[in-house]
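Notes for the one structure printed next.
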Number of protein chains: 2
Amino acid sequence: MTSTAGGDNQVSERAQHFLKVLIERYIRDGQPVGSRTLSKETGLELSPATVRNVMADLEEMGLVSSPHISSGRVPTDLGYRLFIDSLLTVKRLAEQEVAAMRRQLNDLGDASTLIERASQLLSGVTRLAGVVMMPRHEHGAFRQIEFLSLSGGRVLAILVTSEGEVHNRVVNTDRSYLPAELEQAANCLNAMFTGQDLHAVRRRLVADMKTTREHMDRVMLQAVEMAQGVVEAAEGTDDCFIAGQTNLMEFNELASVERLKQLFDAFTEKSQILHLLDRCIAAEGVQIFVGEESGYQLLDDCSLVTAPYGSDDQVIGVLGVIGPTRMNYPRVIPLVDMTARLLTAALKQQ
Amino acid sequence: MTSTAGGDNQVSERAQHFLKVLIERYIRDGQPVGSRTLSKETGLELSPATVRNVMADLEEMGLVSSPHISSGRVPTDLGYRLFIDSLLTVKRLAEQEVAAMRRQLNDLGDASTLIERASQLLSGVTRLAGVVMMPRHEHGAFRQIEFLSLSGGRVLAILVTSEGEVHNRVVNTDRSYLPAELEQAANCLNAMFTGQDLHAVRRRLVADMKTTREHMDRVMLQAVEMAQGVVEAAEGTDDCFIAGQTNLMEFNELASVERLKQLFDAFTEKSQILHLLDRCIAAEGVQIFVGEESGYQLLDDCSLVTAPYGSDDQVIGVLGVIGPTRMNYPRVIPLVDMTARLLTAALKQQ
DNA sequence: GTTAGCACTCGTATAAATCGAGTGCTAACC
DNA sequence: GGTTAGCACTCGATTTATACGAGTGCTAAC
């Protein structure tokens, strides 16, 4: 397992060190790194010519490439991958930095504002685009439902979950109902469902609709229908907050207007981003997609660094940042990780 | 009032016609318009040389300018202003077009989704950025308030307005309250305020806090405080929806990345946009700011076309589009106008 | 294994030349 | 008087030529 230089498929210790220095340098100033520069930077006393030999090896293995034949080397996706998996030394965050971050997530009662703030926090500290997925499923349990009749036979259904989230939906009904009728229906539903998981509630509601249709009275039937609507709304909040999109405009590797338009369109559309985040929900800790690894052409020259967050030992969502492949991983990774921890803590103390 | 050519300060009929044709042409293809082109376009049988004379007059009056000494003419802000005020012929919208628009605003119970859709509609039909201000003040009247105790002494306050809007806020309290206490307090507040204007309610709450502090029991005091919180939240929803921002990336007059960043930052910040919209709320119908007229440096090369919308004869908000000064006014103006009418109608039938 | 030397590549920067759309002006025309 | 043809001129955009330099690969010597 030790190594002299020139192993065929194995990357020698020295070559790895060179790759590390190269990437760190490239991350710093975005220019292709030449042999002269690198020979000064490694610490080892080696001439540019030697460095060139090593670089040629690295290139052969697909870890670096040169934009043109006579230009320095640039890391490839694969190079970044090796760097991230085994070369990179994450810097611990300064105590006061963590404190500053914690302060930004403090005292924000509502879960959804908390999540919004988290995405702003992410984009602020990393200078990239921050994204936080809304808690997936598990919106907690049914707590209370209420109906208020509006004009024109429409009814406002309000659902409160055990997490303190409030969902509402306006439902068109075929006739208008008396407040007393609605109140009674609500009481009935509350008695049946309070404390139960939203998922279960929805299943039950759907089942009720089918099986006991003929036994229910008009009002109750309508009530079940309305409840179904608002529960679906509560569960289906498949959404995410994205902040700091404009940070991406600062990077000249993304500076073409067409490129930016693609990205921004994806940000407003959100569904692709959500899919991608969804794939990270199972990961243990920080997960990284470099460049084309994501499989989305859209993010070809971007990387995604994510971490799951939860509330009680249970993962309920994913957050992360999107930026150019050339991002400061050693700094971004602990920042994303810490944000996930802080958000988890903040949600727990609710 | 009739005119031969060359009036000193007065713009001759013919010059106005030329200006009109020039602007229409410029709007179409974005290139400075030369004398040769224009002489073919006017319909009149005039040589380029004659056209040049007229152009010189227009330039003297500040209605057009040439980017370089040997390039065609481009309208100035002032030129656009004259065009808009007295030259432009708005095209009536096709019946089916209106129908298609109406369809997009149909059947969307909730007021705030309706408004979101309106901004999407605007951006879709104009291919510019659409913006709709949330209804200003006048969120309707107090309808019902409710308190639910959460863990850790926090209370969830829910307010429903007569418009069917639901606002909620989590409030930290000093001790935990029994459901019965909270219910009683809510009943009390409901009895006092139901049907009253939110403004009045807030004033009353603030007054109560001050004057009768010592006569109120603990629970009631806390309830008033919480109510105040949620009413403020309801009134203070000073927000707007912006859609189709990425449309602006299509215009090469805005295509520099720095320029776009400024704009997009303003869109996420929103406060400047809101101020600007706010100034249009008093206007009768469609209002237009061309270029620097807005007074916001940010929008120097952009125009803003707005129209107020209302619910019952009463203006409650403003909507509009933002795009480059070179936008298709004859088409955009009726589109904005129509969207305002449709939104007004859709809100009324709620 | 390391290194100096050298020919070679190729993007970038600079300068010169060319092109052409469009101008202003003048003098002739109706 | 307004209108027009003619002409010299301007100036951005495009092309071409040239030079520069950072960096490479390769070879031969250490």
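Using only Cα atoms, locate the centre of segment A:182-224 and the centre of segment B:197-219, then give the distance between them in Å, rounded to an integer.
39 Å
Taking B:ALA255 in one copy and the same position in all the others, each labelled 7 Å out along Cα→Cβ, what are the pairwise distances from the first, in nm, shortest first?
With the label placed 7 Å along Cα→Cβ, B:ALA255 yields 1.6 nm.
So how exposed is A:LYS270, as accessible area in Å² (1.4 Å probe, rounded to 10)?
Surface accessible to solvent at A:LYS270 totals approximately 50 Å².
Just counting partner chain Cβ atoms within 10 Å, what average do the residues of peptide B:164-170 show around their Cβ?
For this peptide, the per-residue mean of nearby foreign Cβ atoms is 6.
Using the Cα centre of the protein assembly as shown as the reference point, and only Cβ charges (+1 on K/R, -1 on D/E), how large is the resulting charge dipole? Debye, rounded to the nearest 20.
Using only the charged Cβ atoms, the result is roughly 620 debye.
Using modelled backbone amide H atoms (1.01 Å from N, in-plane), which distant-in-sequence or interchain residues come within less than 5 Å of A:ASP239's amide H?
The answer is A:MET134.
When we measure straight from the Cα of A:LYS261, which lysines land under 25 angstrom away, once same-chain ones fewer than 8 places off are left out?
Of all the lysines, those that pass the test against A:LYS261 - Cα under 25 Å, at least 8 places apart if same chain - are A:LYS270, B:LYS261, B:LYS270.
Measuring nothing but label to label, 7 Å from Cα along Cα→Cβ, what are B:GLU292's distances to the other copies in nm, shortest first?
Listed shortest first, these distances are 5.0 nm.
Can you find, among A:GLY34, A:THR76, A:HIS17, the residue farthest towards the positive end of the dipole of segment A:13-87? Put +1 on the C-beta of Lys and Arg, -1 on that of Asp and Glu.
A:GLY34
With N set to the residue count of segment A:269-350, report its C-alpha Rg divided by 2.2 N^0.38 Å to two decimal places.
Relative to the rule-of-thumb radius for its length, segment A:269-350 sits at 1.09.
State to the nearest 20 debye the size of the charge dipole of chain B about its Cα centre, where the only charges are +1 on K and R beta carbons and -1 on D and E beta carbons.
580 debye
Using the 2.2 N^0.38 Å rule of thumb for compact globular proteins, work out how chain B stacks up: its C-alpha Rg over that value, please.
So the Cα radius of gyration is 1.31 times the expected 2.2 N^0.38 Å.
Kindly report the accessible area of chain B per residue (heavy atoms of protein chains, probe 1.4 Å, no ligands, DNA or RNA), in Å².
Here the residues of chain B average 47 Å² of exposed surface.
Pop out the carbon and sulfur fraction of the accessible area of the protein assembly as shown as a percent, whole number, probe 1.4 Å.
47 percent
Using a 1.4 Å probe and ignoring any ligands, DNA or RNA, find the accessible area of B:ILE27 and quote it in Å² to the nearest 10.
Roll a 1.4 Å probe over it and B:ILE27 shows about 20 Å².
Can you give the accessible area of A:THR194, probe radius 1.4 Å, in Å² rounded to 10?
80 Å²
Quantify how strongly other chains surround peptide B:140-152 by giving the mean number of their Cβ atoms within 10 Å of each of its Cβ atoms.
That average works out to 2.
Toward the positive end of the charge dipole of chain A, about the Cα centre and with charges on Cβ (Lys, Arg +1; Asp, Glu -1), which of A:GLY152, A:PHE142, A:MET192 goes farthest?
A:PHE142
Just going by the charge dipole of chain A, with Lys and Arg at +1 and Asp and Glu at -1 on Cβ, which of A:MET209, A:ALA266, A:VAL98 is farthest out on the positive end?
So the residue furthest toward the plus end is A:VAL98.
Would you mind classifying the protein assembly as shown by shape? Square roots of the alpha carbon gyration tensor eigenvalues, ordered a ≥ b ≥ c; an a/c under 1.5 is rounded, otherwise it is prolate if a/b is larger than b/c and oblate if not.
oblate
If you wrap a convex hull around the C-alpha atoms of segment B:13-87 and split its volume per residue, what is the figure in Å³?
82 Å³
Enter the per residue convex hull volume of segment B:196-310, computed from alpha-carbon coordinates, in Å³ rounded to the nearest integer.
Convex hull volume per residue, Cα atoms: 155 Å³.
Mind putting a number on the dipole of segment A:142-235 about its Cα centre? Charges go on the C-beta only, +1 for Lys and Arg and -1 for Asp and Glu, and I need it in Debye to the nearest 20.
180 debye
In terms of solvent-accessible area of protein heavy atoms at a 1.4 angstrom probe, what is the ranking of B:ARG204, A:ARG103, A:ARG73, highest value first?
In descending accessible area the options line up as A:ARG103, B:ARG204, A:ARG73.
Accessible area lost on pairing B with A, both sides, 1.4 Å probe, Å² to nearest 100?
Approximately 2600 Å² gets buried when B meets A.
From the label point of B:GLU232, set 7 Å along Cα to the beta carbon, how far off in nm is each other copy's matching point, shortest first?
Copy-to-copy label distances at B:GLU232, shortest first: 3.8 nm.
The values are calculated or read from the model by the stated rules, or taken from the named source; none is laboratory data. This is a predicted model, so every value here is computed, not measured. No Cβ is skipped: glycine too gets one built from the backbone with ideal geometry, and neighbour counts run over all protein chains shown. Heads up: the accessible areas ignore ligands, DNA and RNA and are worked out on the full protein's heavy atoms, side chains in. Shrake-Rupley method; radii C 1.70, N 1.55, O 1.52, S 1.80 Å.
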